[in-house]
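One structure is given here, and the rest of the page talks about it.
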Amino acid sequence: MSAGAVTLADITSADWSLKLGAIGQVVQGVADVDQCVAIILTTPTGSDPLRPTFGCDIWRYLDHPISEALPAIVRELKAALTLWEPRITLLSVAAVPVLDTTTQSGAHLNVSVTWQLKLSGPAGAGPNSTTTVTLGAAAQ
């Protein structure tokens, strides 16, 4: 077993999964939900052969004018999270083009999703969490 690996005895939450990009590590609780939200946002619909409807179908708005694409992207993000992450209440979704000094300025989107765990009680009762991903960026 590798040094720093997590054993079954170390897992204290009912919600956990393997941590992406870290061998032998897990994420638990709110960090697990955050990772799941990021996975939903960055998985193209149809790319998981065992769950063909899993993911978010925002890729079809590539090359659309940004004024047309942004409302559709926000709608797709909301629909995907409502369907695939029942543990959260979605509070807000924002998609903003990344404007920088590169020749590809505006080619990527920063997507921020603010959500709250449903188990924390009625809306507004628990702490809010925000998951932010950049879409269109090279994998890191």
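The values are calculated or read from the model by the stated rules, or taken from the named source; none is laboratory data. In this text, all values refer to a predicted model and were calculated from it rather than measured experimentally. Here the Cβ positions follow ideal geometry from the backbone for every residue, glycine too, while neighbour counts run over all protein chains shown.
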Query - Of all residues making up region 43-72, the number that are at pLDDT 90 or above and either of a type in the set (D, E, K, R) or part of a helix (DSSP H, G or I) (or both) - result: 4
Query raised in the report: Hey, any hits in region 18-27 for a residue that's closer than 22 Å to Asn128 by Cβ, crowded, with 18+ Cβ neighbours inside 10 Å, at pLDDT 90 or above and within 16 Å of the chain's Cα centre (by Cα)?
Result: no
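I want to confirm something. Restricting to region 49-63 and keeping residues that are surrounded by 13 or more Cβ atoms within 10 Å (Cβ to Cβ) and touching a Ser or Thr at 6+ places or on another chain (Cβ under 7 Å), which single residue is nearest to Lys78 (Cα to Cα)?
Per the criteria, the residue is Cys56.
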Query raised in the report: Is there any pair linking a residue in region 75-92 that is over 11 Å from Gln116 (Cα atoms) to one that is in a helix (DSSP H, G or I) and among the hydroxyl-bearing types (Ser, Thr, Tyr), with Cβ under 9 Å and at least six apart or on different chains, and which?
Result: Glu76/Tyr61
Query raised in the report: Does region 32-52 hold any residues that are touching a residue at least 12 places away in the same chain (Cβ under 8 Å) and closer than 29 Å to Gly126 by Cβ, and which are they?
Result: Asp32, Val33, Asp34, Gln35, Cys36, Val37, Ala38, Ile39, Ile40, Leu41, Thr42, Thr43
Report task. Please tell me if Leu81 is modelled with pLDDT of 85 or more and of a type outside the set (S, T, N, Q). Result -> yes
Report task. Go through region 54-74 and give me each residue that's without any contact (Cβ under 8 Å) to a residue 60 or more places away in the chain, within 17 Å of Val37 (Cβ to Cβ) and not acidic (Asp, Glu). Result -> Phe54, Gly55, Cys56, Ile73, Val74
Query raised in the report: Does any residue in region 98-121 that is over 22 Å from Tyr61 (Cα atoms) and modelled with pLDDT under 70 come within less than 7 Å, Cβ to Cβ, of a residue that is of a type in the set (A, V, I, L, M) and not in a helix (DSSP H, G or I) six or more places away or on a different chain, and which pairs are these?
Result: none
